[in-house]
Amino acid sequence: MEEERLLLEEGFVQNGNSKLYTGDGSVDIKGNPVFKSNTGNWKACPFILGTECCERLAYYGISTNLVSYLTKKLHEGNVSAARNVTTWQGTCYLTPLIGAVLADAFWGRYWTIAVFSTIYLIGMCTLTLSAAVPAFMPPECTDNICPSATPAQYAIFFFGLYLIALGTGGIKPCVSSFGADQFDDTDSVERVKKGSFFNWFYFSINIGALVSSSLIVWIQDNAGWGLGFGIPALFMGFAIVSFFMGTYLYRFQKPGGSPITRMCQVLVACCRKWNLAVPSDSSLLYETQDKSSAIEGSRKLLHTDELQCLDKAAVVKDERKTDDFSNPWKLCTVTQVEEFKILIRMFPIWATGIVFSAVYAQMSTMFVEQGAMMDTSIGSFKIPAASLSTFDVISVIFWVPVYDRVLVPIAQKLTGKERGFSELQRMGIGLFLSVFCMAAAAIVEIWRLNLAQSLGLVDEPVPVPISIFWQVPQYFLLGAAEVFTFIGQLEFFYDQSPDAMRSLCSAFALLTTSLGNYLSSFILTVVTSLTTRGGNIGWIPDNLNKGHLDYFFWLLAGLSLLNLVIYVFCSKKYKSKNAT
């Protein structure tokens, strides 16, 4: 690998135990170089994985059944509730941009997680109070008359909800990157372990989700929402404790300054020298003479021939003007320019994740509303519709070890690649599976509607006697798609990102989830607007027996197929960070 050759030349790669310290610039909590033997690696990971498991239990304890709370307790309609859920979820995956910039530029990942976890816990407590104190909730429905929540009640509820969204912003882009930081990139053995870490990181997420989608959802529907929100708040407290317990085992990467500022500097310096020609010999472009990069916490990047217009930022205009060399707004290093190029090259791959995230958003919205109109009973026991997401989690828990222990070794033998599948291949398989997921949901809905028609239940807003377990295939397919696409994204954006921009690139990966939720809200709004014209009830009325939710699922299946075609084209054109 070209990257390994470069590291060897610079004396970074460590063979066995010949070096006591890590070679990737990591330090301990006090800023001192860290010993490889007693820090990081898998010994530090249980605390990080425990933190993520508890935090995700808290998050999914809110999000999994949120659409039910909005319809049953705040008395919102189906479309309004689904829109509010996807908008909030979208915000949860938009705020990581804030946390990523703070982590990369100023605080580092550790302190960013610590501060935003506290905000998260305050939001959880506020949300619990909004569901536990009677004055904070609207009265129950009487004779099919459901009073709307007052503005004050809405304000308290959504204040807590969006504090959680803000708290998520400091945790999500940092925890996975912080965990990966525990493995030294310059050690060939640890580098392979890092690939496995992402699988088990996602596994821990879904252990938390499993508890939420089964036990917590049942408590919310049967024991009360105050307790149902209070337990996730308690686990968020456990997440904070778990995180701090591992402090002296962690390896820390120093913040390298604002990546946003560095990108702006490249653009400004490029515009200043727009009329200059880029030399054919790339060695004439400006770069520091030291072995280390001018960017704190980053190694040097090799020059690439793509996007040569940006190379103007590294063209030395006049060697006599020494002030230019100290002013990055006038002259940037090759490494700084290459950082920007990497982000631009990743953009098409990043964009194709948005449609997949819109499909994933249906699990907590339209899949739940579809399930609520099916037979949810097993004997005398009623299954909450949101609990079917347990099968998505079971699918993930099944596929993660199968992928890590079975598929990867087989793929390694067939492809000769270190990790079996490349990140791009892994994501493509997930996008392919998402098409079948939406097709399965549409087929189940067609069957449900036909049964409603034959039983004369079209005008009755009651569940149709078809078992909710017919939804299992769509949840299981979605879980398999997650293992390939979402974990592939985590690996791709960490590995391909520059050293000093890893939190930001992780936030970009999460941003696809945000935009996917916003896209889902947008599609819902457009579909409702177009299909209710002329007095029609539309595809997704409050009484789904009268609607055509299957058309909505087919629409998403079509968009997923188109997205897959675009992805295949973009992935073939993508040039890896390691290529020259």
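The values are calculated or read from the model by the stated rules, or taken from the named source; none is laboratory data. Computed from a predicted model, the values in this text were never measured in an experiment. Using ideal geometry, Cβ is built from the backbone for each residue, glycine included, and neighbour counts are taken over all protein chains shown. With ligands, DNA and RNA removed, areas are computed over all heavy atoms of the protein, side chains included. Shrake-Rupley method; radii C 1.70, N 1.55, O 1.52, S 1.80 Å.
Here the convex hull built on the C-alpha positions of region 121-161 has a volume of 59 cubic angstrom per residue. Please determine, in degrees from 0 to 90 and to the nearest 10, the orientation of helix 472-495 with respect to the longest principal axis defined by the Cα atoms of the chain, where the helix direction is its Cα long axis. For helix 472-495, the angle is close to 20 degrees.
Proximity of backbone amide H atoms, modeled 1.01 Å from N, is registered between residue 464 and 374, 375 at under 5 Å, excluding neighbours fewer than 5 places apart on the same chain. Each 10 Å bin, from zero up to the one with the longest distance, holds this percent of the alpha carbon pairs of region 89-128: 28, 50, 21, 1. Note on residue 207: accessible area approximately 60 square angstrom, rounded to 10, probe 1.4 Å, nucleic acids and ligands left out.
Within region 206-254, all pairs of alpha-carbon atoms sorted by distance into 5 Å bins from zero give the percentages 5, 18, 21, 18, 12, 10, 7, 6, 3, 0. Each listed q (0.17, 0.19 Å⁻¹) maps to a log10 I(q)/I(0) for region 440-531, found by the Debye formula over equal Cα scatterers with no solvent: -0.94, -1.02. For a straight C-alpha distance cut-off of 16 angstrom, the lysines reachable from residue 36 (same-chain residues fewer than eight places away being disregarded) are 19, 193, 194.
The H on the amide N of residue 23, modeled in the peptide plane, is under 5 Å from the matching H of 186, each at least 5 residues off or on a different chain.
For region 117-262, what Kirkwood radius comes out of the mean inverse Cα-Cα distance, in Å? Mind dumping the intermediate values first?
Numbers: mean 1/r = 0.0549 Å⁻¹.
For region 117-262, inverting the mean 1/r across all distinct Cα pairs yields 18.2 Å.
The DSSP beta bridges internal to the chain are antiparallel in roughly 75% of cases. For q = 0.12, 0.16, 0.19 Å⁻¹, what log10 I(q)/I(0) does region 221-376 give under the Debye formula with an equal point scatterer on each alpha carbon and no solvent? The Debye formula, applied to the Cα set alone, gives -0.74, -0.95, -1.16. Kirkwood-type hydrodynamic radius, region 406-559: 18.2 Å, calculated from all non-identical alpha-carbon pairs. Here the chain is treated as an ellipsoid with the same Cα gyration tensor; its semi-axes, largest first and in whole Å, are 45, 26, 23. Of the trypsin sites (Lys or Arg not before Pro) in region 527-580, not one is in a loop by DSSP (not H, G, I, E or B) with at most 10 other beta carbons within 10 Å.
For the chain, what is the mean residue ellipticity at 222 nm derived from helices alone (per DSSP H run of n ≥ 4: -39500 (n - 2.57); sum divided by total residues; nearest 500 deg cm²/dmol)?
On the way: 20 runs with 347 residues, N = 580.
Mean residue ellipticity, 222 nm, calculated: -20000 deg cm²/dmol.
For the pair residue 306 and residue 268 in one chain, pulling the backbone fully straight at 0.36 nm per residue adds 11.8 nm over the alpha carbon distance. Stretching the chain fully between residue 38 and residue 196 yields a gain of 54.9 nm (0.36 nm per residue, less the alpha carbon separation).
Based on the Kirkwood radius over alpha-carbon pairs, what value in µm²/s does the Stokes-Einstein equation return for the translational diffusion coefficient of region 139-199 at 37 °C and 0.692 mPa s?
Values: Rh = 15.6 Å.
In µm²/s, the coefficient rounds to 210.
Leaving out ligands, DNA and RNA, and with a 1.4 Å probe, what % of the accessible surface on the chain is carbon or sulfur? Of all accessible area on the chain, carbon and sulfur atoms account for 66 percent.
According to the calculation over all Cα-Cα pairs in region 34-173, the P(r) per 5 Å bin from zero is 2, 9, 16, 19, 17, 12, 9, 7, 4, 3, 2, 1, 0, 0 %. When the surface is traced with a 1.4 Å probe over the full set of protein chains, residue 329 keeps roughly 90 Å² accessible.
Work out how much length residue 329 to residue 543 would gain on full extension: take 0.36 nm times their residue separation and subtract the Cα-Cα distance, in nm to one decimal. Write out the running numbers ahead of the final one.
Working: separation 214, 0.36 × 214 = 77.04 nm, distance 5.94 nm.
Full-extension gain reported as 71.1 nm.
Of the residues 457, 446, 435, the one whose Cα sits farthest toward the positive end of the charge dipole of region 382-462, with +1 on the Cβ of Lys and Arg and -1 on the Cβ of Asp and Glu, is 435. Averaged per residue, the chain has 40 square angstrom of accessible surface, using a 1.4 angstrom probe with ligands and nucleic acids left out.
Sequentially through region 240-256, phi angles give Karplus couplings (6.51, -1.76, 1.60; θ = phi - 60°) of 5, 4, 4, 5, 6, 5, x, 3, 7, 9, 6, 9, 10, 9, 5, x, x Hz, Gly and Pro residues having no value and appearing as x. Mean sequence separation of contacting Cα pairs (under 8 Å, at least six apart), scaled by the length of the chain, corresponds to a relative contact order of 21 percent.
Using a Förster distance of 35 Å, how high is the FRET efficiency between residue 115 and residue 227, based on the Cβ-Cβ distance and rounded to 0.05? Mind showing how you got there, number by number?
Values: r = 28 Å, r/R0 = 0.81.
The computed FRET efficiency comes out at 0.80.
Over all distinct Cα-Cα pairs of region 339-477, the Kirkwood formula returns a hydrodynamic radius of 17.6 Å.
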